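**Q** Okay, handing you the structure first.
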Amino acid sequence: MKDRRPEFVRHFTPRTPREASDAIVRNFLLHAFPARITRAALGWRASGWLGTIALHLFLVLSLTGAVLLFHYIPSVERAYASVKDLEFIVSFGTWLRATHRVAAHLMVAVVVAHLVRVFLTGAYKKEGAPGAFRPLNWWIGIALLLLTFLLSFTGYLLPWDQLAYWAVTVGAQIAASAPLVGEALRELLLGGSSVGQPTLLRFYVLHCFLLPGLTAALVAWHMWRLRKDGGLAVTDRVADAAREGARVAPPAPGKTYTLMGSTPGATVQAHAPSLLLERESVTAIPAVVRRSLAVFCAVLAVCSLLGLLLPAPLEEPANPAVTPNPAKAPWYFLWLQELVSLLTFRVGGFVVDGAFLGGILLPGVLVGLLAAWPFLDRSPREAAGVWFHPSRRRQNRVFLALLLAAVALMLVGTFFRGPYWAWVWPWETAPPPPSWV
Ligand code: HEM
């Protein structure tokens, strides 16, 4: 009997593996998936599906951001009022704004967690299936990480309240400390020497159009590279085992192909890699489609719920004449702000510039090291896609120690810094201003 359901629904219930593969070939949206996926890659253990969660957070951000765009006005006179309108006049405006903000914070955290999992499973390795080159996807990932930070940071300014104004002022001061190009960089970022209308317009265009467009393009490339690299790194071991199985498969007993008895002989190799893969894998439809939809629903539900529970803050309107004390960067940059403060000190009459050391040099070195890591890692090929492989023990320890140090600095910046960046215990009142004030 002819199936009368719409075509896109029909594709989700294939009756044979052949139908499942055909659905992928015919459906544009499903083209992102391979025809088959190994059970190892499908499980939660291999990846925690963190990349997929990041992708769905980006979708939630794009959807909620598109609606916010109808109400927001990028002008210093009207931006704050338009956000106030969202909070008090627009139906569901408070929830929409809070959901967008929660998703933005979660995306930063999830993208970092995804990087950590890729590092700890050595899934960036250059040795892989024939034709694979995972370092390229690792570098695209690093670009995506920087874009995620930039997207979040540019969005910070848009409400045009005190928090926004001063966080961006602190960020611009750090950018200005770069040698030679620092001032030009600040000028480029702010459209002048201080935060004003040109800055708001630049951040608006970057946040709403350029950066999301670039991120979407890079994510598409990231996904395509995943296919070109033969799937997740954990799949390599299944494919290798299949190849190995084909090579060493023992002759099947009881059968001889002896050219009608004229020569001694056994069976031909009948253990093809595809046979083993068939056993170890399932068709992407419906397995991946179902999981991906489940992840999307869970991400949407968590963001919506947190959006209800955690309203987005809105402080006093931006006022260049009133500096909040302390002026703190967003949480994910607080470890840098803390480093800047720790590395600023006096040697005799000379002041060491912590803004350059902690804000530019150190993060630059860290990003450079991350980018070079696929070529510095000496672990064997079979270690790719394996959590905490013994051959990577030392590098994993250093990586986790650096990560913990950054988290500790973030906690210090969040909970233990008071006016003039002095150490204040949470139960203490702020100490008097230091003597140099
Ligand atoms: C907007 C940010 C990002 C998105 C949307 C994204 C998306 C994805 C997705 C969906 C996967 C498939 C596995 C999974 O679901 O976890 C994946 C794998 C991968 N990602 Fe990302 N990713 C992002 C950022 C990054 C970053 C920051 C890095 C590292 C610097 C990275 C490196 C990789 C690598 C190397 C793989 C292949 C992993 C493997 O073979 O096991 N990605 N990514």
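**Q** Residue by residue through the range 53-72, note down the ones that are surrounded by 15 or more Cβ atoms within 10 Å (Cβ to Cβ), away from the ligand (no atom under 11 Å from the Cβ) and not hydrophobic (A, V, I, L, M, F, W, C).
**A** Of everything in the range 53-72, those that are surrounded by 15 or more Cβ atoms within 10 Å (Cβ to Cβ), away from the ligand (no atom under 11 Å from the Cβ) and not hydrophobic (A, V, I, L, M, F, W, C) turn out to be T64, G65, H71, Y72.
**Q** Still on this structure, I have one more. What residue, among those in the range 91-107 that are of a type in the set (A, V, I, L, M, F, W, C) and buried (at least 19 other Cβ atoms within 10 Å of the Cβ), is farthest from T148 (Cα to Cα)?
**A** L96
**Q** Are there any pairs with C-beta distances below 6 angstrom linking a residue in the range 410-432 that is at pLDDT 90 or above to a residue that is open to solvent by less than 40 Å² (accessible area, probe 1.4 Å) and of a type in the set (S, T, N, Q), with the two at least 6 apart or on different chains, and if so which?
**A** From the range 410-432, the pairs are G413/Q337.
**Q** Also, I was wondering about something else. Only helices (runs of 4 or more DSSP H) wholly contained in the range 143-228 count here; list those with 2 or more residues that are touching a Leu at 6+ places or on another chain (Cβ under 6 Å).
**A** Numbers: elements: 162-176, 182-190, 197-205, 211-228.
Passing ranges, in order: 162-176, 197-205, 211-228.
**Q** Going through G368, G359 one at a time, which residue ends up being over 30 Å from R134 (Cβ atoms) and assigned to a helix (DSSP H, G or I)?
**A** G359
**Q** Still on this structure: Please go through the range 52-109 and pick out each residue that is acidic (D, E) and in contact with a helix residue (DSSP H, G or I) (Cβ under 6 Å, 6 or more places away or on another chain). Can you show your working first?
**A** Taking the range 52-109 first, the residues acidic (D, E) are 77, 85, 87.
Hit for the range 52-109 is E87, nothing else.
**Q** Any residue that is modelled with pLDDT under 75 and either away from the ligand (no atom under 16 Å from the Cβ) or over 26 Å from W139 (Cβ atoms) (or both) - is there at least one of those in the range 207-221?
**A** No, the conditions are met nowhere in the range 207-221.
**Q** Taking only pairs six or more apart or across chains, which ones have beta-carbon atoms under 8 Å, a first residue in the range 50-75 that is assigned to a helix (DSSP H, G or I) and among the aromatic types (F, W, Y), and a second residue that is open to solvent by 40 Å² or more (accessible area, probe 1.4 Å) and at pLDDT 95 or above?
**A** Pairs found: F58/A216.
**Q** Looking at the range 370-388, can you tell me whether even one residue there is within 16 Å of L334 (Cβ to Cβ), among the aliphatic types (A, V, I, L, M) and either in contact with a helix residue (DSSP H, G or I) (Cβ under 7 Å, 6 or more places away or on another chain) or open to solvent by 40 Å² or more (accessible area, probe 1.4 Å) (or both)?
**A** For the range 370-388, residues within 16 Å of L334 (Cβ to Cβ), among the aliphatic types (A, V, I, L, M) and either in contact with a helix residue (DSSP H, G or I) (Cβ under 7 Å, 6 or more places away or on another chain) or open to solvent by 40 Å² or more (accessible area, probe 1.4 Å) (or both): absent.
**Q** Output the number of the condition that H114 fails; it satisfies all remaining conditions of (1) part of a helix (DSSP H, G or I); (2) touching a His at 6+ places or on another chain (Cβ under 8 Å); (3) within 16 Å of the ligand (Cβ to nearest atom).
**A** (2)
**Q** Please verify whether L50 is open to solvent by 30 Å² or more (accessible area, probe 1.4 Å) and within 12 Å of the ligand (Cβ to nearest atom), treating the condition exactly as stated. Explain how you work it out, then say what you get.
**A** Values: open to solvent by 30 Å² or more (accessible area, probe 1.4 Å): yes; within 12 Å of the ligand (Cβ to nearest atom): yes.
It is true that L50 is open to solvent by 30 Å² or more (accessible area, probe 1.4 Å) and within 12 Å of the ligand (Cβ to nearest atom).
**Q** Also, quick follow-up: Would you mind finding the one in L120, L144 that is at pLDDT 95 or above and within 23 Å of A241 (Cβ to Cβ)?
**A** L120 is the lone residue from the list that is at pLDDT 95 or above and within 23 Å of A241 (Cβ to Cβ).
**Q** Does the range 160-181 hold any residues that are more than 27 Å from the chain's Cα centre (by Cα) and free of Cβ contacts under 8 Å to residues at least 40 places away in the same chain, and which are they?
**A** Within the range 160-181, L180, V181 qualify.
**Q** Residues of the range 388-406 being free of Cβ contacts under 8 Å to residues at least 40 places away in the same chain and among the charged types (D, E, K, R), which ones?
**A** The answer is R393, R394, R397.
So that you can scan it fast, the table gives a plain yes or no per residue for (1) within 19 Å of F58 (Cα to Cα); (2) touching a strand residue (DSSP E or B) at 6+ places or on another chain (Cβ under 9 Å); (3) open to solvent by less than 20 Å² (accessible area, probe 1.4 Å):
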site	(1), (2), (3)
S82	no, no, yes
F88	no, no, no
L115	yes, no, no
T121	no, no, yes
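**Q** Taking the range 303-344 as the search range and keeping residues that are assigned to a loop (DSSP other than H, G, I, E, B) and of a type in the set (G, A, S), which one is surrounded by the fewest Cβ atoms within 10 Å (Cβ to Cβ)?
**A** So in the range 303-344, the residues assigned to a loop (DSSP other than H, G, I, E, B) come out as 310-316, 318-330, 343-344.
The next check asks that each one be of a type in the set (G, A, S); those that pass are 312, 318, 321, 327, 329.
Numbers: A312: 19, A318: 23, A321: 4, A327: 17, A329: 22.
By that ranking, first place goes to A321.
The values are calculated or read from the model by the stated rules, or taken from the named source; none is laboratory data. Just so it is clear, the structure is predicted and the values come from calculations on it, not from any experiment. Because the Cβ atoms are built from the backbone with ideal geometry, glycine has one as well, and the counts that use them run over all protein chains shown. The area values use the complete protein model at the heavy-atom level, side chains included, leaving out ligands, DNA and RNA. Shrake-Rupley method; radii C 1.70, N 1.55, O 1.52, S 1.80 Å.
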